[in-house]
Every structure is written in structure tokens, then in C-alpha cells.
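To start, the structure itself, in C-alpha cells.
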There are 2 protein chains.
Amino acid sequence: MIRMGNSKNIPDIVIGRLPIYLRALNLLLAEQREYTSSHELGERLGISSAQIRKDLSHFGEFGKQGTGYNIAYLQEQIRQILHVDREWPMAVVGAGDLGRALVHYRGFVPRGFRVVCVFDNDPARIGERIAGLTVQPMSELASQIAAHRVQVAMIAVPLEAAQEVATQLVEAGVEAILNYAPITISVPDSVQVQYIDPVAHLQHMTYYLTPKT
Amino acid sequence: MIRMGNSKNIPDIVIGRLPIYLRALNLLLAEQREYTSSHELGERLGISSAQIRKDLSHFGEFGKQGTGYNIAYLQEQIRQILHVDREWPMAVVGAGDLGRALVHYRGFVPRGFRVVCVFDNDPARIGERIAGLTVQPMSELASQIAAHRVQVAMIAVPLEAAQEVATQLVEAGVEAILNYAPITISVPDSVQVQYIDPVAHLQHMTYYLTPKT
DNA sequence: CTCGAAATGTGAATGCGTGAACAAGCCTAG
DNA sequence: CTAGGCTTGTTCACGCATTCACATTTCGAG
């Protein structure tokens with residue numbers, strides 16, 4: 001058995017760690033390294049080596065006993081598992097400060113994503129050019145998403161508008177949403193949703209802090 | 001026994017959900033609602049009602065049988081638990097697109113945080129004014145953080161610089177770091193660290209997607 | 001005043017994820 | 001060629017988190 005089926009029911013928490021492993025492998029490659037071990041990876045990431053080995057074993061046998069993992073090979077395997085051995089076109093909704101920062105961000109392309117269209121409902125912003133893209137009105141959303149075969153979108157609008165935008169995105173065929181608005185949105189089960197809320201992280205940390213002032 | 005001690009060893013994962021509950025309570029308050037139930041909260045957040053009740057029970061008894069939770073009261077209790085019944089001054093390191101977006105962000109103050117200083121090492125950016133703040137050189141970091149009693153910082157620099165910045169922040173006395181650079185940083189155990197990596201979230205979702213093109 | 005519906009807080013049970021430990025395999029040195 | 005050290009993949013046991021289920025309390029209708 002060279003390769004286990006990847007259609008098995010892998011725990012979602014394991015999937016969530018794969019991008020972290022991928023990040024570490026990118027760095028190791030940049031350091032011109034050729035091999036690494038579960039121990040070294042765990043050391044760098046603050047994760048136990050046993051967990052890393054077990055996580056990877058869900059998808060196949062990528063290492064060699066006594067030697068460890070070939071970095072380039074493992075990186076490529078994880079990229080295939082996560083389907084980022086290609087470039088996903090993305091839509092950004094909201095051209096405020098955050099939306100603009102997302103369009104400008106150079107970190108997407110090297111890791112498998114590219115912003116291909118930006119939308120806003122503010123007439124003052126429509127037509128504005130950001131990093132080579134033109135801000136489009138919401139009325140163009142459905143057609144643009146279809147034209148660019150967009151399956152992934154990011155929501156960068158005020159929280160009052162987030163649910164409505166999410167609904168429109170789903171109707172336009174988007175299957176994965178990264179929501180920056182601090183609100184839990186309601187979408188069909190078939191649509192993937194992830195959240196980024198910096199304040200939630202900050203509040204998580206202040207629990208452990210003693211105010212100085 | 002009216003109130004349980006909060007010095008007990010509460011699971012970290014429970015702490016991580018409290019900000020989400022707080023978010024939902026803010027919304028309910030904005031809707032002029034007075035009472036809610038664990039069932040309603042769970043409905044809105046996609047969490048089981050039992051989990052919400054059990055999470056809250058770690059800290060005391062905040063609800064009333066038959067009635068549910070008084071929204072304003074529960075909100076205030078959670079704010080106290082998380083220590084956000086005050087305003088935490090924050091430092092931002094990195095005045096690129098992301099750093100600027102963070103300084104402009106209006107969502108911090110209503111939830112207990114305020115950016116009070118911004119740093120960068122690029123001479124072209126130093127002196128620039130962002131939302132009323134002046135970008136300062138890294139050489140000012142230690143003194144400014146001391147002067148403003150800053151305990152919380154956000155790292156918004158390229159990944160190559162992130163570890164060095166983290167080290168400087170810790171030396172300056174920062175106790176909690178929200179790191180936007182896609183790299184696991186090394187700090188003393190006494191320092192809280194949280195990560196925001198949009199690409200990791202995106203890659204997590206594409207695992208479940210079938211490429212269209 | 002009484003009854004029923006509703007909702008909490010919690011002990012018990014289930015399920016899942018993590019870490020320890022080991023057999024098996026690989027490489028290098030001598 | 002052999003021996004020893006290193007590392008993987010996997011099994012097992014433990015512990016933690018989640019869900020179930022219920023006794024208890026509250027409110028409102030009649």
C-alpha cells in the first residue's frame with residue numbers, strides 16, 4: 001500500500017494544522033534545507049512530534065525511517081492534499097482600509113490564492129483602482145464571480161452588511177468564505193466559512209493578563 | 001454560594017469562546033433585547049446550548065431558570081472575566097497596508113482596546129501621520145511602550161522581521177502579542193501569543209473544495 | 001392559586017484527540 | 001558486512017471536551 005485514500009473522514013482539526021506545517025516547510029526550504037524530522041518541526045511549531053507524525057499518517061507515508069521527511073516532497077504532498085497546488089481566484093467584498101490591504105497583500109499568490117475582483121457599494125469608491133483592479137459595484141458581483149470562476153471570497157465590510165453580502169456570495173456560487181466581520185453568518189452547510197476577528201484573539205489573551213494601570 | 005472563584009483552572013478552549021459570546025450579546029443589545037437563552041445563543045452561533053451553559057457555569061451562575069440570561073448583565077460579567085471592562089492601550093509594529101488598516105480600525109475601542117503608538121523601521125514611513133498617530137522609529141519602541149503602559153501589541157511586519165520584533169516587544173515588557181506574520185514566533189512562556197494567518201484559513205477551506213477550473 | 005411550559009446548572013456517559021512507547025526500517029561509520 | 005543510532009508509523013491508554021438527560025426553579029395563563 002503506497003498511498004492511503006484521502007477520501008477518508010479526516011478530523012477537521014488535523015486539516016487545520018496542515019497549513020501550519022506547510023508554512024514551516026516553506027521556511028525550511030528557504031533555508032536551503034533538504035530534510036527535516038517530526039521532532040524538528042514540532043520544536044519550531046510548539047507541537048509534539050507524535051502529533052505531527054500522526055497527522056501526516058492520515059494521508060499516507062511521506063517519511064523515511066532514520067532519515068525523516070524530504071522537505072520539498074512533503075511540501076508538494078501537503079499542497080496537493082489542501083488543493084493549493086494551483087491558484088484559486090478570489091473575490092474581496094469591501095474596499096475600505098481592510099479590503100484595500102487584502103488586495104495589496106503579497107502573501108496570497110505564493111501560497112495559492114489571487115484576488116481577481118473587488119466590490120463595494122459606496123459610489124465614491126466604485127471605479128477606484130487598487131493594485132491594478134477596479135472597484136466594482138455590487139450589481140456586478142454575480143456576473144464577475146461567474147466570469148472568473150470564483151469559489152472563494154473574503155468579506156471585509158461592516159458587520160451590519162456582512163450577512164447580506166454572504167447571502168449574495170452564496171447565491172453567486174461562492175463555496176468558501178473568509179469573514180472578517182465580527183459576526184457569525186448563516187449559510188448553507190455546503191459552504192465553508194472561517195472567521196478572522198482580531199478582537200476575539202485580543203480578548204482571549206487579556207483573560208490571562210493583569211491590568212497594569 | 002453566589003459566585004465561584006475565577007482563579008480555577010478553566011480550559012483555554014472555554015476562554016476562547018467567551019469573546020464569541022460577547023460578540024453575540026453586543027448584537028442582541030443593539031436589537032434592544034433584554035433577555036436571551038442558551039438555546040437562542042447557540043442557534044445564532046452554531047454551538048450547542050449545553051456547551052454554552054457549561055462554559056458559563058465555570059464562572060458562576062448568571063442565568064435564571066425559566067427566564068434565561070439578562071443580556072446586559074451577562075455581557076458585563078463576561079467583560080469582567082476577560083478583563084475588557086477597561087481600555088487596553090496597544091502598540092502596532094509595522095506601518096504598511098496592514099498596519100495602517102489596524103490603526104484605522106474602529107472596532108477596537110468599543111471592545112476594550114485602543115492603538116496608542118505605531119512603529120516602523122522604514123525612514124520613508126517614520127513621521128507619517130495615521131489616524132492622529134505619528135509613525136515612530138523602532139528605537140523609540142521601548143520608551144514609548146513603557147510610557148504608555150502598553151501590555152498588548154500587534155505585529156504587522158514581513159515575516160523575516162517578525163521574530164526580531166517579537167523579541168524586542170518582550171524585552172520592552174509586552175505581555176501579549178497578536179502576530180499577523182505567517183510564522184510561529186518564540187517567546188517566553190509567560191507571554192501570550194495568538195496568530196492571524198488568513199492564508200491558513202483559506203487553505204483549510206480549500207481542502208473541502210473541488211476546483212472548478 | 002395552580003398547572004404547564006420553559007430554561008438553567010450539573011452529573012453521567014460518550015466520543016475524540018493527544019502523548020507515550022515500541023517495533024520496524026534506514027543510514028552511516030568502521 | 002555489521003552494529004548502532006536515529007526516525008517513522010502505529011498501537012494503546014489516558015484525559016479532556018462535548019453531549020445527553022434530568023432535577024429544579026421561574027414565569028405566565030387561566
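The values are calculated or read from the model by the stated rules, or taken from the named source; none is laboratory data. Note that this is a predicted model, so its numbers are computed, not measured. Ideal geometry is used to build each Cβ from the backbone, glycine not excepted, and the neighbour counts take in all protein chains shown. With ligands, DNA and RNA removed, areas are computed over all heavy atoms of the protein, side chains included. Shrake-Rupley method; radii C 1.70, N 1.55, O 1.52, S 1.80 Å.
Is it the case that segment A:202-211 has a residue that's aliphatic (A, V, I, L, M), in a helix (DSSP H, G or I) and open to solvent by less than 20 Å² (accessible area, probe 1.4 Å)? Steps first, answer last, please.
Residues of segment A:202-211 that are aliphatic (A, V, I, L, M), as a first pass: A:202, A:205, A:209.
Retained after the next criterion (residues that are in a helix (DSSP H, G or I)): A:202, A:205.
So of that shortlist, the ones also open to solvent by less than 20 Å² (accessible area, probe 1.4 Å) come out as A:202, A:205.
Looking through segment A:202-211, at least one residue is aliphatic (A, V, I, L, M), in a helix (DSSP H, G or I) and open to solvent by less than 20 Å² (accessible area, probe 1.4 Å).
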Taking the residues in segment A:37-62 that are assigned to a loop (DSSP other than H, G, I, E, B) and within 26 Å of residue A:109 (Cβ to Cβ) as candidates, determine which candidate is least open to solvent (accessible area, probe 1.4 Å).
A:59
Could you grab me the full set of residues in segment B:184-205 that are facing chain A (nearest Cβ under 7 Å) and within 20 Å of residue A:108 (Cα to Cα)?
B:184, B:196, B:198, B:199, B:200, B:201, B:202, B:203, B:204, B:205
Can we say residue A:84 is in a loop (DSSP other than H, G, I, E, B), in contact with a helix residue (DSSP H, G or I) (Cβ under 9 Å, 6 or more places away or on another chain), touching a residue at least 12 places away in the same chain (Cβ under 8 Å) and within 27 Å of residue B:96 (Cα to Cα)?
yes
Residues in segment A:124-137: is at least one at the interface with chain B (Cβ under 10 Å from one of its Cβ atoms) and crowded, with 21+ Cβ neighbours inside 10 Å?
no
All-but-one check, residue B:79 against (1) more than 16 Å from DNA strand C (Cβ to nearest atom); (2) more than 30 Å from residue B:138 (Cα to Cα); (3) in contact with a strand residue (DSSP E or B) (Cβ under 9 Å, 6 or more places away or on another chain), failing number (3)
Look through segment A:1-36, keep the residues that are at pLDDT 95 or above and β-branched (Val, Ile, Thr), and return whichever of them is surrounded by the fewest Cβ atoms within 10 Å (Cβ to Cβ).
A:13
(1) away from DNA strand D (no atom under 15 Å from the Cβ); (2) crowded, with 20+ Cβ neighbours inside 10 Å: which one isn't true of residue B:72, the others all being true?
(2)
Lone unmet requirement of (1) farther than 20 Å from residue A:16 by Cα; (2) open to solvent by 40 Å² or more (accessible area, probe 1.4 Å) for residue A:80:
(1)
